[in-house]
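To start, the structure itself, in structure tokens.
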Amino acid sequence: MSTEDAPALFDAPATGDGRPVPDRPLADRLRPHALEEVVGQGHLLAPDAPLGRMVEAGRLSSIILWGPPGCGKTTIARLLAARVGLDVEQVSATFSGVADLRRIFAAAGRRRRGGRGTLLFVDEVHRFNRAQQDCLLPYVEDGTVVLVGATTENPSFELNGALLSRCQVLVLHRLDDVGLAELLERAQRLTGRRLPLTESARASLIAMADGDGRHLLGMVEQLLEAPSSAPLDETGLAAVVATRVPSYDKSGEEHYNLVSALHKSMRGSDPDAALYWLARMLAGGEDPLYVARRLVRFASEDVGLADPGALQAALGAWTAYERLGSPEGELAIAQAVVHLATAPKSISIHRGFARARAAARRTGSLRPPAHVLNAPTELMKDLGYGAGYQYDPDTADGFSGADHMPEGYPPPDERERFYEPTGNGVERLVRERLDHWDRLRRRRRGDTGC
């Protein structure tokens with residue numbers, strides 16, 4: 001598809017004074033005409049901020065604008081081009097290919113020979129494949145074009161390292177309540193109408209926008225078109241505008257961000273935060289069974305023997321959800337989340353198993369000690385299999401003190417201990433038990449003169 005066929009990201013029909021015609025969507029009609037009018041991105045646009053310094057110097061570097069939907073990426077790109085005097089070429093990575101890029105580079109080369117620069121704006125730049133990204137490299141590097149890419153996805157996951165090394169990644173913020181309130185005021189001034197909302201409904205409208213200015217203005221249009229003789233309360237607002245599903249990509253960065261938030265809230269023994277992040281994940285469409293699997297992992301990795309019931313609680317939640325489904329089964333998952341968040345924590349098993357695996361790799365094929373080997377045949381008995389084995393339940397303390405590590409392994413007093421229980425929860429009792437067995441083992445070695 002040619003760039004001429006792609007959606008025009010910057011072009012808009014205009015009236016005689018050059019402003020957009022009034023029948024275009026409200027979000028388009030309210031696009032800022034100067035960088036100073038952009039809301040919510042002062043950390044990039046202030047005079048001492050990265051883009052502010054570029055504008056002041058009159059020289060724009062290649063950049064990647066990374067931010068959520070409706071935060072102003074396209075608007076900023078358009079205004080930057082106008083401020084530094086660059087001609088604009090725009091493509092959507094969804095519609096354009098290498099052939100389109102080559103035509104743009106050829107045109108940019110001709111402009112450059114004539115003393116004019118070109119800004120190439122690539123919307124949804126993360127949708128370019130590796131070949132398309134590689135196609136950009138030489139033209140960005142030699143300055144034929146200044147690349148401004150816009151993406152909602154983490155560039156470190158979606159863009160190759162060579163392209164990232166040639167661009168500065170700038171992070172745009174979701175619009176806060178102050179920025180969204182400013183957009184509401186601008187919409188009212190432009191349309192000459194007050195929104196038919198109570199104060200609580202107005203606050204609810206801002207919350208429903210979830211930081212997306214474009215979505216907010218879409219809801220404003222719905223409200224302005226709805227017949228209403230009295231201000232709407234929150235219930236009335238919900239009847240007019242559609243509730244937006246929270247931003248959540250089950251295969252993207254937001255997925256991993258929320259998983260991390262849930263995991264670390266449980267690890268930090270914060271049940272309220274853990275329940276909040278669980279609710280966010282489920283509201284975004286996360287598979288509850290995925291959450292259940294994560295809880296089982298957490299129970300083993302972060303709780304361990306400090307609360308032996310934690311693993312059973314996590315497995316029980318998994319089983320309950322499989323039998324009940326949504327929404328009833330989600331309560332079982334929430335119960336497990338609170339159990340794990342409020343349980344004492346220990347990673348002793350996680351660390352101990354890692355040490356044991358390292359020792360197993362290091363020692364190779366050392367043979368088990370003879371006394372632990374079964375001897376089902378006479379030959380094996382003659383070879384010493386099982387010789388000297390003590391049946392622990394028959395000993396006075398129910399503990400033989402025998403060494404079960406491989407032949408040739410360092411003696412108990414000289415070897416690394418893999419499992420080191422903490423003093424948290426049930427592990428305190430486990431530690432006391434192990435210390436008791438160590439004392440018995442040392443006493444018996446002394447009794448035998450070893």
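The values are calculated or read from the model by the stated rules, or taken from the named source; none is laboratory data. Predicted model only: the values in this text are computed from it and were never measured. Neighbour counts are summed over all protein chains in view; Cβ atoms, including those assigned to glycine, are modelled from backbone coordinates with ideal geometry. In case anyone asks, the SASA skips ligands and DNA or RNA and just uses the protein heavy atoms, side chains included. Shrake-Rupley method; radii C 1.70, N 1.55, O 1.52, S 1.80 Å.
Would you mind checking the stretch 32-67 for residues with the amide N under 11 Å from a putative spin-label position 7 Å along Cα→C-beta of VAL178? Inside the label zone: 40-43.
For the stretch 216-370, the Cα gyration tensor yields ellipsoid semi-axes of 46, 16, 13 Å (square root of five times each eigenvalue, largest first, whole Å). 3J(HN,Hα) along the stretch 320-337, derived from phi through the Karplus expression 6.51 cos²θ - 1.76 cosθ + 1.60 where θ = phi - 60°, amounts to 4, 5, 4, 8, 9, x, 8, x, 4, x, 5, 5, 5, 5, 4, 4, 5, 4 Hz, with x in place of Gly and Pro.
Dipole orientation for the chain: of the candidates GLY304, ALA46, SER265, ALA46 has the Cα lying most toward the positive pole (charges on Cβ; Lys, Arg +1; Asp, Glu -1). When you count the other C-beta atoms within 10 angstrom of each residue and take the mean per peptide, 427-438, 54-65 line up highest first as 54-65, 427-438.
Looking at the chain, the accessible area is 53 square angstrom per residue; that uses a 1.4 Å probe and ignores ligands, DNA and RNA.
Peptide packing for 410-416, 267-273 was compared via the average number of neighbouring C-beta atoms within 10 Å per residue; ordered from the highest value, the list is 267-273, 410-416. Here each label is just a point 7 Å from Cα along the line to Cβ, and for ARG116 and ASP28 those points are 2.4 nm apart. Measure nothing fancy, just the Cα-based angle from helix 73-84's long axis to the longest principal axis of the chain, in degrees from 0 to 90, nearest 10. Roughly 50 degrees between the two axes. Could you give the angle, 0 to 90 degrees to the nearest 10, between helix 177-191's Cα long axis and the longest principal axis of the Cα atoms of the chain? It works out to around 20 degrees. Normalising the Debye intensity of the chain to I(0), with uniform scatterers on Cα atoms only, and taking log10 at q = 0.06, 0.11, 0.12 Å⁻¹ returns -0.48, -1.01, -1.12.
In this structure, ASP397 and ALA283 have a Cβ-Cβ separation that, at R0 = 35 Å, corresponds to a calculated FRET efficiency of about 0.05. Of the peptides 187-195, 146-154, the order by per-residue mean of other Cβ atoms within 10 Å, starting with the highest, comes out as 146-154, 187-195. For the stretch 281-288, putting each phi into the Karplus relation 6.51 cos²θ - 1.76 cosθ + 1.60 with θ = phi - 60° gives couplings of 5, 5, 5, x, x, 5, 5, x Hz, in residue order, rounded to whole numbers and with x for Gly and Pro.
Restricting to DSSP H runs of at least four residues, report the calculated mean residue ellipticity at 222 nm for the chain, -39500 (n - 2.57) per run over all residues, nearest 500 deg cm²/dmol.
It lands at -15000 deg cm²/dmol.
Can you tell me the equivalent ellipsoid semi-axes for the stretch 310-450? Use √(5λ) from the Cα gyration tensor, largest first, whole Å. Equivalent ellipsoid semi-axes, largest first: 40, 20, 16 Å. Computed about its Cα centre, the charge dipole of the chain is approximately 1160 debye, with only Lys, Arg, Asp and Glu carrying charge at their Cβ. Separation of the stretch 146-162 and the stretch 291-346, taken as the distance between their Cα centroids, equals 37 angstrom. Spin-label model, LEU137 to PHE157: label points 7 Å out along the Cα-to-beta-carbon direction sit 2.4 nm apart. Between the amide H of LEU147 and those of SER62, ILE63, LEU120, distances stay under 5 Å, these residues lying 5 or more places away or on another chain, with hydrogens modeled in the peptide plane. Given a Förster distance of 45 Å, report the FRET efficiency between GLU432 and VAL171 from their Cβ-Cβ distance, rounded to the nearest 0.05. My answer for the efficiency is 0.35. For GLN90, the residues whose amide H sits under 5 Å from its own are PHE121, ignoring neighbours fewer than 5 places away on the same chain, with H placed 1.01 Å from N. For THR319 and GLU221, FRET efficiency with R0 = 41 Å and r from the beta-carbon atoms, rounded to 0.05? With a Förster radius of 41 Å, E is 0.30.
The angle between the Cα long axis of helix 213-225 and the longest principal axis of the Cα atoms of the chain comes to about 60 degrees, rounded to the nearest 10.
Within the accessible area of the stretch 304-449, the carbon and sulfur atoms contribute 54%, probe 1.4 Å, all protein chains present.
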